[in-house]
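Asks: Mind looking over this structure? Questions follow.
We did not get these values from a lab; they are worked out from the coordinates using the rules stated. As the structure is a computational prediction, the values presented were derived from the model and not from experiment. Every residue, glycine as well, gets a Cβ built from its backbone with ideal geometry; the counts of neighbours run over all protein chains shown.
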Amino acid sequence: MTQHHKAAVKSVLSGDTVILRGKPRANGPPAERLLALSNVQAPRLGNTTRDDERFAFGAREYLRKLLVGKEVMFVPEYTITTTTPPREYGSILLANGDNVAHLGVQQGWLKVREGKSKASQDDEAHEQELDQLRSLEEEAQAAERGQWSTKSDGSRQVAYTMEQDGRNFLNTYKGKPLDAIIEQVRDASTYRILLLLPDQTQQIVTLFLSGIKAPSCKRDNLPSDQVDATPSEPFGEEAKFFVEVRLLQRGVKVILEGMSQGGNQNFVGSIQHPAGNISELLLSNGMAKCVDWSITMATGGPLPLRNAEKAAKDKKLRVWKDFVAKQKTNDATFDAQVIKIVTGDTLIVKTKEGVERKLQLASVKQAPRGVGSTAPGGSAKSRDVKEVGYQFEAREFLRKKLVGKQVHVVVDYKKPAQDGFEAKDCATIMVGNNDVAQQLLEKGLATAIRHRKDDDNRSHHYDQLLIAETKAQEQQKGVHSPKEQPIVRLVDASENMTKARQFLTSLKRNQRQNAVVDHVANGSRLFLWVPKENCRLSFVLAGIRAPRVGRNASEKSEPFGPEALAYVVDQCLQHDVEIEIENVDKTGAFIGNLFVKGDNLAVALLNKGYASVHEFSANESRYANHFFTAERNAKEAQQGLWHGYQGEAQPSAVSETKDAQAAAAVAQPRHEYIDMVISDMLSGSHFFIQIINPAEIKQLETLMKDLTLHYNKTRSEPAPRPRVGDIVSAKFTEDDCWYRAKVRRVSSEGIEVLYIDFGNSETIPSHRIQPLASQFKSLKPQAQEAVLSFVKCPQKESDYGIECMERFQDLTAGKQLVANVDAKENGVLCLTVYDPSHSTSAEASINLEMVRDGLAAVTPKVRYASAYPDIVKSLQEAEGAARRDRLGMFEYGDIAVADEEL
């Protein structure tokens, strides 16, 4: 009795020959055997040396679709030993009992092969089989099926090697799903594929699965006289069998995504199959690993592949059986503020606990320094800077993007100290949902580090970084551009005084210049970069002096020097600022004012008590009033340098007797009454006065008449451009009369002057200014700056500032007033002002009226308040009543915030 065997069809070699596969074995892949169909013959397929016979591919395809992957019954009949290797012949039966050879002949793909029976065959049975096949063949011929068709020539156009340029072929079909058949599985991630192209031609290619690499396998398709001595890698054969069972000779869709490494004609791509993604399946079963060089090409993106690999790692499957997960530390994730950009890939952040940490962007390397770059110092005589390449642009991008911003930090790995370099924390920096390293790479301002194959010390966004770099390469951005590298030249304008003066005119031309703080030396000395002028300069804040900071650990800092330095660093290091240049000093440093978000840095330092007024230079500044006011505020609040300050009458090193005497002097009230009028107002409690002195009033009246006559008769000639601090004659815009004035500022907008006999100020063009003749200089300035004692009103620009000024004007305008000089603070008179027609006691002052109306707040902590307890008490009672009655600026209740702004 003929013995039947079961097997699965692994593949179809031609229209009459198949490879059968037995049951899986515990120690390796199952056994295979080649079987040719007896009594029939199919056209022969071609190869690299000969073409197909007609209808050969159609016959192969019929049998492939009929058998591949299915379990069949087969009957071995005989073996021909004269061929190399020997060929076994037999019959194959489908599960329903149909004979495959009969089906092939009936469909016209096989022809009957005449011949005598073999020794092992029954002659009568053999002849009956041939008769049945002949009958089926005649039926196929009559129906013009298969190779008997007259409508087709049965040929195909196929290329077994890539005859055209592989890159051009890729550009034609990249990203397009192509019909294909997996002809051979070399290993689980490398296939020989037949592409069925849209133009009806066919192309054989070698395809590497994008993003993965499976263990290699021993070659099994070498010529008979060659043997592959290289053994398969662990799990290689298992992975190969895993793929063959699922994909070998199956119809699939192939997406070409790139060229392989090595410069050959092989391709990288993905395979689409209705049953799923073979790459993800291999990874999730531990039969392959992700590879960085091609994972960014994957059509589905890197994330599904990484997730599948992670699942296998967690379960320690196959290639990951010895995998040890990286331990996470407690400080691996935190939020922080970026305070400084060090290089194009390194920055410093400050955590919520106030700890500074230096971080390098994970898996990123800054752009290389271009040839020809120079830096100040070393053997170079000049302190000018020349930077070739993209490092400067990278630092600027990071500075604008990060400095002062809150970021989320994930420390991916720690780089140990080596080769003289310090240990580094390498991290992914997120601003909102944006990865800063990814944005840097997209602009071509850095490159991605190529990590070793099994190196897990990398950014957890590594695939996105590679995609960003690829995008920059395709668009030829930054370091990937074929153009010449950019060159940045920065001139050191403060190299010496001569060089500084060359820049002074252009820097003063605009009232304010944009700049970037590059370095902070101490609270009042900074180093700036001025983009418009393309220069670097040393900058000193005008009008103040900040405590000095020790240059090294052994040099002692002055009190509050480190605090002032830290404050300025926090406020403006690497920030965009505005500057106003006034002059240069003998070292080449520029003197002026610096504004951070519109706020004067010098005023902020004085308010904090981190600096003191430098009286000579402050008096030359247009912000003199702001400086002195800020210093007074710090003294009253005993901030910083003024901690424990008890007034100017108390030096720090005096005897206890002198201390007691000074304290008693302060506690004694002053009785220094003056007759006065208000000449100009800055706020409801800050103004200028003229003291009524009959002799001086008469002199002033005479001077004004003579001044006007003198300059009206004198022919106006172009006057030399005045300097800040000059006393001049200025023609007031409102009445076109001449008055004595002091120049406060010179700018492109005009000249700002303070009329020294009245206290008002304005900005006028230079042709309305003339040098003051000597005969008009003898009379001292008649306007004196003053404030209301014990109280304070909002600034004019603040809420209720205008209302306060209007009320004060109602109380004082056009009136001759009396005031007691309670104290003098930095040349400013502190006055209790009375209207003689209404005041009946020492407490019934205009100061009190302003408080009663809710338009001034009491400041009981001023230095001289202890000498006037009754006045202060009455003021506080009036303020309490105004608060209760919701008057003035208290109309919406207690204004704690407003109090801070007063």
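Asks: For the range 493-642, count all C-alpha to C-alpha pairs, find those more than 20 Å apart, and express that count as a whole percent of the total.
Replies: 46 percent
Asks: If the cut-off is 16 Å between C-alpha atoms, which lysines fall inside it for Lys532, apart from same-chain ones fewer than 8 positions away?
Replies: Lys508
Asks: Go through Thr763, Leu347, Asn39 and say which Cα lies farthest out towards the positive end of the charge dipole of the chain; charges sit on Cβ, +1 for Lys and Arg, -1 for Asp and Glu.
Replies: Checked the options; the winner is Asn39.
Asks: Return the distance in nm (one decimal) between the two label points of a simple spin-label model at Gln141 and Lys415, each offset 7 Å from Cα along Cα→Cβ.
Replies: 8.0 nm
Asks: For Lys218, list the aspartates and glutamates whose Cα falls under 14 Å from its own Cα; do not include residues on the same chain fewer than 8 positions away.
Replies: Straight-distance partners of Lys218: Asp187, Asp228, Glu233, Glu237, Glu238.
Asks: Follow-up question, since we're still on this one. Which option, [x] 198; [y] 291; [z] 524, is the value of volume of the Cα convex hull per residue in Å³ that was calculated from these coordinates?
Replies: [y]
Asks: Full-extension gain between Glu555 and Lys116, please, as 0.36 nm times their residue separation minus the C-alpha to C-alpha distance.
Replies: Separation in residues times 0.36 nm, less the Cα-Cα distance, equals 146.8 nm.
Asks: Right, something else. If pairing requires two Cys Cβ atoms under 4.7 Å apart, which cysteines of the chain are left without a partner?
Replies: Within the chain, the cysteines lacking a partner Cβ under 4.7 Å are Cys217, Cys290, Cys426, Cys535, Cys572, Cys737, Cys830.
Asks: Can you tell me the length gained on complete extension of the stretch Lys174 to Ala275, counting 0.36 nm per residue apart and subtracting the Cα distance?
Replies: Residue separation times 0.36 nm, minus the Cα-Cα distance, leaves 34.1 nm.
Asks: Scan the range 664-715 for GluC sites (Glu not before Pro) in coil per DSSP, keeping those whose Cβ has at most 15 other Cβ atoms within 10 Å, and list them by number.
Replies: Taking the range 664-715 and a limit of 15 other Cβ atoms within 10 Å, the loop GluC sites (Glu not before Pro) found are Glu672.
Asks: Ok, one more. Suppose each label sits 7 Å from its Cα in the direction of the beta carbon; what would the Leu94-Lys6 distance come out to in nanometres?
Replies: 1.9 nm
Asks: What whole-number distance in Å separates the alpha-carbon centres of the range 66-108 and the range 149-166?
Replies: 28 Å
Asks: Separate question: Just want to confirm a number: the relative contact order over the chain, from Cα pairs under 8 angstrom separated by 6+ residues, in percent.
Replies: Once divided by the residue count of the chain, the mean separation gives 5 percent.
Asks: From Cα pairs below 8 angstrom and at least 6 apart in sequence, can you work out the relative contact order of the range 5-148, rounded to a whole percent?
Replies: RCO, the range 5-148: 23 percent.
Asks: Here is a follow-up. Using a Förster radius of 30 Å, what is the FRET efficiency between Glu615 and Ala844 based on their Cβ-Cβ separation? Nearest 0.05, please.
Replies: Between Glu615 and Ala844 the formula returns 0.25.
Asks: Take the cross-link list Lys443/Lys471; Lys176/Lys310; Lys400/Lys443 and give me the ones stretching past 18 Å between alpha-carbons.
Replies: Long pairs (Cα-Cα over 18 Å): Lys176/Lys310.
Asks: Still on this structure, I have one more. Using 0.36 nm per residue, how much length does the chain from Leu34 to Ser798 gain when fully extended, once their Cα-Cα distance is taken away?
Replies: 265.4 nm
Asks: Counting other Cβ atoms within 10 Å, keep those with at most 13, restrict to DSSP loop, and tell me which GluC sites (Glu not before Pro) in the range 747-847 are left.
Replies: Here the GluC sites (Glu not before Pro) that fit, given the DSSP loop and packing criteria, are Glu749, Glu797.
Asks: Using a basic spin-label model with each label point 7 Å from the Cα along Cα→Cβ, how many nm lie between Lys326 and Tyr160?
Replies: My value for the distance between the label points is 4.8 nm.
Asks: Quick check on the chain: of the DSSP beta bridges with both residues there, what percent are antiparallel, nearest 5%?
Replies: 90 percent
Asks: Efficiency by 1/(1 + (r/R0)^6): what FRET value for Arg512 and Asp314, r their Cβ-Cβ distance, R0 = 56 Å, to the nearest 0.05?
Replies: 0.40
Asks: Given R₀ = 25 Å, FRET efficiency for Thr505-Asn625 by Cβ-Cβ distance, to 0.05?
Replies: E between Thr505 and Asn625, to the nearest 0.05, is 0.35.
Asks: Of the trypsin sites (Lys or Arg not before Pro) in the range 682-753, which ones lie in a loop per DSSP and count no more than 13 other C-beta atoms within 10 Å?
Replies: Listed in order of number, the matching sites are Arg715, Arg723.
Asks: Ok, one more. Treating cross-link reach as a plain straight distance, find the lysines whose alpha-carbon is under 26 Å from the alpha-carbon of Lys635, omitting any fewer than eight places away in the same chain.
Replies: Once the sequence-local lysines are set aside, what remains near Lys635 is Lys556, Lys597, Lys608, Lys658, Lys792, Lys796, Lys824, Lys861, Lys873.
Asks: Given only helices, namely DSSP H runs of n ≥ 4 each adding -39500 (n - 2.57), what is the per-residue ellipticity at 222 nm of the chain, to the nearest 500 deg cm²/dmol?
Replies: Mean residue ellipticity, 222 nm, calculated: -8000 deg cm²/dmol.
Asks: With an 8 Å Cα cut-off and a minimum separation of 6 or more residues, compute the relative contact order for the range 698-783 in percent.
Replies: 26 percent
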